[in-house]
Amino acid sequence: MRLEIGLREICLPVRARIVGCLALERRARSRAQSSSPLWALGRPHFSLVIGRARCVQCASPEAERCRTPMLIAAREREPFRPIEHRFFCAMAAVLCLLVASSALAQTLYLDEQFGFTLTTGVIFASKPVGVPATDMDLRLELYEPSGVGVPSSRPVVVAIHGGGFTGGSRFSSTQIGTCERMARRGWTCISIDYRLTSDDPVVAPAYEAMEAVISSFDPVLAAAIAAACEDTVAALEWLIANEIALDIDTTRIGLAGYSAGGALTQFVPYLLDDTGVTIPVLPLAVFNLAGSFDPGVNIVAPGDPAAILVHGDLDTTVDPLGSIAMANQFEAAGIPYELNILPGKTHSIDIFSDEVAPGETIFDRVVPFFVTYVANGPVAPAVPALDGFGLMGLVLVLIGGASRALRPASR
């Protein structure tokens, strides 16, 4: 039975009662005999108090003491059952909470939802430098999500700084900003150092072929670039060796680099194998910011990592034509990619403020790309967790089932 109160409707699972003055009560009895379901006599103004009607004006639950015209109901229903009533109240409360929280639902790895912890100066490898050669410790900054609900077996981002292979460090603002923001989304992120030209790196024999290839177009930086490739691979090896301790999934790794670091995201996954170097794990995607170059030959093959490329069209440090050339290779090989040439931008780009579209920063574009091709990689969980709307649907199913179970048998 529905009793209309102003603009609201309340469904009453109680035996309808005749309330009002004695004259209205007699009229209701006579109309009830005609089997008509419901009449509204006068202006409805009553409150429902745990299964009985109470007059709002005189506050009396007894019809004989009230002379105010009220809603007259003559159809009988099943008696009020407290257990059923409380169940539906509880389910309604849960449903309201879920509706309110669904707008705030956050997607794992996409939206910020955690804190993070920083472990600084972690040694991930020691490599020879100088003559006579001495070992140089290579260090990284480790960012891990913290707080309630932190996922296990997390995907990883390896952030690689720029500096033309002559400068820069793991403390680059772009790399640190990337790691902090990714950790808050549930990723583990490391920002790594690598040997520079000033370190006079000693290249391992396995990377001498890589050094020779690079010497053909940049003999000055060839040794430093080959050594930087070796050091990046060492960081991947460190992740694999510490996979259990870090609670990460090393089959889901992405590389993110700016300038020289961007070039390393191109050298390591696409070129090293052509020089006979087998890397321990192939990243699933790369973010190359202003570091793409035209290799002159095809270095992309089917099955290589997906790539998102960003370059300023006024960049005079690294020619943006290199990004276009790489995009053409991705297209030919059927590799997922995204090319963003930013009009009016030089080599200096801020991924947290510069936009690829109105209201969308470069970082805003990179995160969903990495979620798609890294976090949702081939070994990602097949069944996603329920978000607010999923839980709301589940509660609706439970309410519907309980309603059928509690419904009285038809007469």
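Just so it is clear, none of the values below were taken in a lab; they were calculated from the coordinates. For clarity, every value in this text was computed on a predicted model and none was experimentally measured. A quick note on method: Cβ atoms are made from the backbone with ideal geometry, for glycine too, and the neighbour counts reach across all protein chains shown.
Taking other Cβ within 10 Å of each residue's Cβ, how do 310, 131, 281 sort, fewest first? Don't jump to the answer; show the numbers that get you there.
Values: 310 27, 131 8, 281 17.
Starting with the residue having the fewest Cβ neighbours, the order is 131, 281, 310.
Distance between the 7 Å Cα→Cβ label points at residue 372 and residue 352: 2.5 nm. Neighbours of residue 358 by Cβ distance under 13 Å: Lys/Arg scored +1, Asp/Glu scored -1, total -3. In this simple spin-label approximation, residue 212 and residue 364 carry label points 7 Å from Cα along the Cα→Cβ vector, and these lie 4.9 nm apart.
Length gained on full extension, residue 152 to residue 135, computed as 0.36 nm times the residue gap minus the Cα-Cα distance: 2.7 nm. Per-residue Cβ neighbour counts within 10 Å put 311, 161, 347 in the sequence 347, 161, 311, beginning with the fewest. 3J(HN,Hα) couplings calculated from phi for region 147-156 with the Karplus curve 6.51 cos²θ - 1.76 cosθ + 1.60 (θ = phi - 60°) are, in sequence order, x, 6, x, 4, x, 9, 6, 7, x, 10 Hz; Gly and Pro show x. Fully extending the segment from residue 244 to residue 301, taken as 0.36 nm per residue of separation minus the present Cα-Cα distance, adds 17.4 nm. Computed on region 224-306, with alpha-carbon pairs under 8 angstrom and 6+ residues apart, the relative contact order is 32 percent. Full extension of the chain segment joining residue 199 with residue 313 gains 37.8 nm, where the gain is 0.36 nm per residue of separation less the Cα-Cα distance. Annotation: for a label point projected 7 angstrom from Cα along Cα→Cβ of residue 332, residues of region 228-267 with backbone N closer than 20 Å are 266-267. Neighbours of residue 185, meaning other residues whose beta-carbon lies under 11 angstrom from its beta-carbon, give a summed charge of 0 when Lys and Arg score +1 and Asp and Glu score -1.
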